[in-house]
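Only one structure is covered here, and it is reproduced in the block below.
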Amino acid sequence: MKTAVLAFAALAGLASAAPAPAASKSLAAPNSKSGVAALIGQLKLIDNITVTIPVDTAPTDNLVEASFFVTNGLPNLGLYAETIQFNSLRVSASVNKTVYASFSYTFKPPLQVPGGKTVSSPTIPNVLLTQGFDNSLALLDAFGGPQGYLDLATTASLTVKSSLLFGIIQAPITVTLPYNQKNVTTFFNFE
């Protein structure tokens, strides 16, 4: 319930890290986008990345495909619900601060993740192996097999759709924010 109150306060623009203004000063409009960004930044959004390596082309073009699960940890309580809509992502994936893969992707249509739910992303094509195919394969040796972990540095364009009273009142807020997540479980498959 505390999360629901915080989420509502952030979306309503009532959450603020600044102290309350003195009574004699005029009130500025609250910044609801910073509240949403702070709330999203505390969630574990991405899990179970699957990297598909096409053995016939990846050695020459250094391109693979990726998919992942997205979890929306914001509440869905009936009277109040949060949907996170992923519009686009720009991602760098690293191990020990060395970037091994990167991509930019626009979701068409946007990826909708209802409050409290987990959904699978579409397959993301053209993920570039920035260290090249051979150096990236060395990760599998380091991990000791087809499962490992990646650290993600992401810029995400998201729309958070707040819905009160079963959708009667809606307040969408779109933000572009940096989002980092460490040790994301990753599976590597060869095709």
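Taken together, the values in this text are just the output of simple stated rules run on the coordinates, not laboratory data. Here the structure is a predicted model, which is why all the values come from computation and not from measurement. With ideal geometry, Cβ positions are generated from the backbone for all residues, glycine too; neighbour counts draw on all protein chains shown.
When Lys and Arg each count +1 and Asp and Glu each count -1, what net charge do the other residues less than 13 Å away from V51, Cβ to Cβ, add up to? Let's see the in-between values first.
Details: positive: none; negative: E65, E191.
Result for the neighbourhood of V51: -2.
For K182, which aspartates and glutamates qualify as cross-link partners when the Cα separation must be under 14 Å and same-chain residues fewer than eight apart are set aside?
D47, D151
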